[in-house]
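Asker: Please find one structure pasted underneath; my questions will follow.
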Amino acid sequence: MTRTLALLDGHSLAYRAFYALPSDMATPAGQVTNAVYGFTSM
């Protein structure tokens, strides 16, 4: 049986998510969260 290995370029996905979503997504303290949200929803 062959095993499959999947590699993800996380930095590329986070960069794409950061610039694809609006910059007003932030915590009450002002830390932007659009990259985290976009990365986890891909």
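Asker: Please specify each residue of region 23-42 satisfying the condition of being in a helix (DSSP H, G or I) and surrounded by 12 or more Cβ atoms within 10 Å (Cβ to Cβ).
Answerer: Asn34, Ala35, Val36, Tyr37, Gly38, Phe39, listed by residue number.
Asker: What are the residues in region 1-22 that are basic (Lys, Arg) and surrounded by 14 or more Cβ atoms within 10 Å (Cβ to Cβ), if any?
Answerer: Arg16, the sole residue that qualifies.
Asker: Across region 1-22, what is the total count of residues that are closer than 18 Å to Tyr37 by Cβ and assigned to a loop (DSSP other than H, G, I, E, B)?
Answerer: So the count comes out to 3.
All of the numbers you see were taken from the coordinates with simple rules; none came from a lab. Since the structure is predicted, the reported quantities are computational estimates derived from the model, not experimental observations. Positions of Cβ are backbone-derived with ideal geometry, glycine not excepted, and every protein chain shown enters the neighbour counts.
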